[in-house]
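Here's the structure, in structure tokens; my notes come after.
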Amino acid sequence: MKAETNRSDIMQINFQDKNVFVMGGTSGINLGIADAFAESGARVAVASRSREKVDAAVAQLQRHNGEALGYVADVRDESAVASALGDAHGALGPLDVLVSGAAGNFPSPALGMSANGFKAVVEIDLQGTFHVLRSAFAYLAKPGASVVNISAPQAFIPMQLQAHVCAAKAGVDMITRVLAMEWGDLGVRVNSVVPGPIADTEGMRRLAPSEALADTVRQSVPLRRFGTAREIASMVMFLASPFANYVSGAVIPVDGGWSLGGASAASAAMAQSLAQRDAD
Ligand code: NAP
Ligand code: COA
């Protein structure tokens, strides 16, 4: 089944004069989110580790004729994160929307993962999210700012080969909930969006490297297809808009129903297939 969204279907919300910062916004789903905001009139800043990816993302965002800025920062480095956010604030003014989506993943059984491998993912996904939200707070437009963390089904569905990601993303969703409580009286909303399997992404290339495995995953989704970055962007834009003014502390799957059961079945198939590949 084909995705039913295309460019003209993107939610028509005007983000003119709004400032959006997307951490990890230089490829895949997060770049799709940054691009949708730029298309809707926002000034958008993105950041990640690779200068090359940052420059390419900024060039793509500038095609929408708005202001687009890019910064090099590793989310594991608290001072680099603070500098990027401070510089974006200096250039744009208070941030209306903060998206935190930098993440790392590789499939590995816990016994095949060194302490450093586990730590790398937890430091990027979980500690990194803390750095981003903690540093951004000073620069958020208050009241009215919207923070969206990009989570994953692993946050609440145990998946084989994903001990590091499951632990990290579960933590991300708890940060979402706790900060929704702590920042609510300042008019800052904090939510998580949980993408299902999304087409043409690094995440799916790593977890389902063969077409056969990708098809098994596809068939495990009730809607029988992968999602698109635009479909994730639509939910993030809704959450960032006045239509979601009373939504905070929510963890929202955008996954075609995958987390209802298919994700567990697919996890077993992925583990079996990757174990077979490693044995060959
Ligand atoms: P991706 O293209 O690899 O995106 C990850 C982004 O984060 C890149 O811009 C990357 O840029 C940046 N990044 C990675 N490590 C970083 C670090 N230490 N510091 C700063 N930036 C860093 O992957 P994706 O598959 O689109 O995933 C995007 C998000 O969606 C992730 O949060 C992921 O957990 C979530 N998600 C994805 C799927 C899926 O189907 N793909 C499903 C559920 C959830 P640099 O390499 O330049 O740093
Ligand atoms: N299986 C087992 N361990 C692995 C691994 C794999 N496939 N890939 C990396 N590791 C381990 C490394 O061996 C290392 O541990 P060691 O020092 O004990 O050998 C540890 O993880 C860190 O690896 P390193 O390459 O030094 O980390 P990094 O900081 O350069 O990269 C990663 C972080 C590993 C998460 C890397 O995959 C990455 O940058 N990912 C970003 C893109 C991505 O994952 N996108 C999908 C998002 S869902």
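Computed from Cα atoms, the angle from the helix 78-92 axis to the main principal axis of the chain rounds to 40 degrees. Protection proxy ranking of 27-39, 121-133, by the mean of other Cβ atoms within 10 Å over each peptide's residues and highest first, is 27-39, 121-133.
Between LYS142 and ASN65, the FRET efficiency estimated from the beta carbon spacing at R0 = 35 angstrom works out to 0.75. Extension gain, VAL247 to LEU223: 0.36 nm times the residue separation minus the Cα-Cα distance gives 6.1 nm.
For the chain, a crude dipole built from +1 on the beta carbon of Lys and Arg and -1 on the beta carbon of Asp and Glu, taken about the Cα centre, is about 220 debye to the nearest 20. Treating the angle as unsigned and between 0 and 90°, give the value, to the nearest 10°, between the Cα long axis of helix 28-39 and the longest Cα principal axis of the chain. Rounded to the nearest ten degrees, it is 30.
Rounded to the nearest 20 debye, the dipole magnitude of region 28-125 is 180 debye, with +1 charges on Lys and Arg beta carbons, -1 on Asp and Glu beta carbons, and the Cα centre as origin.
In a simple Cβ point-charge model (Lys, Arg +1; Asp, Glu -1; nothing else charged), region 162-280 has a dipole of about 160 debye relative to its Cα centre. Surface composition of region 24-157: carbon and sulfur make up 51 percent of the accessible area, probe 1.4 Å. For the chain, the longest principal axis of the C-alpha atoms and the axis of helix 163-183 are separated by about 30°. Dipole of the chain computed with +1 at Lys/Arg Cβ and -1 at Asp/Glu Cβ about the Cα centre; of LEU186, GLY261, ALA73, farthest Cα towards the positive end is GLY261. Which one of GLN154, ASN116, HIS131 is farthest out on the positive end of the charge dipole of region 70-179, using unit charges on Cβ (Lys, Arg +1; Asp, Glu -1) and the Cα centre as origin? Towards the positive end, the residue furthest out is GLN154.
The figure for THR201 is an accessible area of roughly 10 square angstrom, using a 1.4 Å probe on the protein chains alone.
Taking other residues whose beta carbon is less than 12 angstrom from the beta carbon of PHE106, and scoring Lys, Arg as +1 and Asp, Glu as -1, yields +1. Modelled spin-label separation between ARG134 and PHE106, with each label point placed 7 Å from Cα along the Cα-to-Cβ direction: 2.7 nm. For region 199-277, the solvent-accessible area of protein heavy atoms averages 48 Å² per residue (probe radius 1.4 Å; ligands and nucleic acids excluded).
Taking every protein chain into account, the accessible area of region 107-171 amounts to 40 square angstrom per residue (probe 1.4 Å).
Radius of gyration (Cα atoms) of the chain, expressed as a multiple of 2.2 N^0.38 Å: 0.96. With contributions of -39500 (n - 2.57) from each DSSP H run of at least four residues, the per-residue ellipticity at 222 nm computed over the chain stands at -13500 deg cm²/dmol.
A convex hull fitted around the alpha carbon atoms of region 204-279 yields 104 Å³ per residue.
The values are calculated or read from the model by the stated rules, or taken from the named source; none is laboratory data. The structure displayed is predicted, hence computed values, not measured ones. All Cβ positions, glycine included, derive from the backbone under ideal geometry; neighbour counts span all protein chains shown. With ligands, DNA and RNA removed, areas are computed over all heavy atoms of the protein, side chains included. Shrake-Rupley method; radii C 1.70, N 1.55, O 1.52, S 1.80 Å.
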